[in-house]
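The values are calculated or read from the model by the stated rules, or taken from the named source; none is laboratory data. Computed from a predicted model, the values in this text were never measured in an experiment. Here the Cβ positions follow ideal geometry from the backbone for every residue, glycine too, while neighbour counts run over all protein chains shown.
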Amino acid sequence: MISFSVNGTSQMIDVDPSKPLLWVLREQLGLTGTKFGCGMAQCGACTVQLDGRAVRSCVTPVSAVAGKEVTTIEGLKGENATLHPLQHAWIEHQVPQCGYCQSGQLMSAAALLAEKANPSDDDIDRAMQGNICRCGMYGRIRAAIKSAAATSSTALFYNAAQVQEQEQEQEETSHG
């Protein structure tokens, strides 16, 4: 059994420890927002966050996430479970075309903004390297990331631990 957290929910999975995280997310947990692209960590479609860091789930064995927090596109939320600031910026800048790479693009961008609130073009290029967009929306992606960085005053990715602490404090206050 492998125990880890996905989008703030504890999971216990009984699978081959070498099974790629991508397939555990899609097949065992029903989280299909993370996409299969190349299977070799070259395209970025399968990007998720592992303890806040962007990783390619197609080559990450599920055993590597034991005791850690995985955030998928389904867990990328703004306040009150609204769209994340990056998702708003993606819409505003008309980034999605075919849409297949978008979940991986968004997860990489969110990890970047969580680390660097005001990234330079070089920072964006480094963070997004390896996230391939067959539609060629790289300029729009950069503009959306800069827009989200400039307009967001809230947390830029779902922080499960923080949400759980807040819920626990609210529960203690209501019982006290």
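The number of residues in the range 107-135 that are under 20 Å from V48 (Cβ atoms) and in a helix (DSSP H, G or I) comes to 13.
Can you tell me which residue within the range 61-86, out of those that are more than 15 Å from S5 (Cα to Cα) and polar (S, T, N, Q), is modelled with the highest pLDDT? Top of the filtered list is T82. Within the range 1-32, the set of residues being surrounded by fewer than 22 Cβ atoms within 10 Å (Cβ to Cβ), aliphatic (A, V, I, L, M) and not in a loop (DSSP other than H, G, I, E, B) comprises I2, M12, I13. Among the numbered conditions (1) farther than 20 Å from A114 by Cα; (2) crowded, with 20+ Cβ neighbours inside 10 Å; (3) in the same structural domain as M128 (by TED's automatic domain parsing), the only one that P85 does not meet is (1). Of (1) assigned by TED's automatic domain parsing to the domain that holds C133; (2) crowded, with 22+ Cβ neighbours inside 10 Å; (3) touching a helix residue (DSSP H, G or I) at 6+ places or on another chain (Cβ under 8 Å), H93 satisfies all except one. Which? The one condition H93 does not meet is (2).
Does L86 satisfy being touching a residue at least 12 places away in the same chain (Cβ under 8 Å) and touching an Asp or Glu at 6+ places or on another chain (Cβ under 8 Å)?
Values: touching a residue at least 12 places away in the same chain (Cβ under 8 Å): yes; touching an Asp or Glu at 6+ places or on another chain (Cβ under 8 Å): no.
The answer is no for L86.
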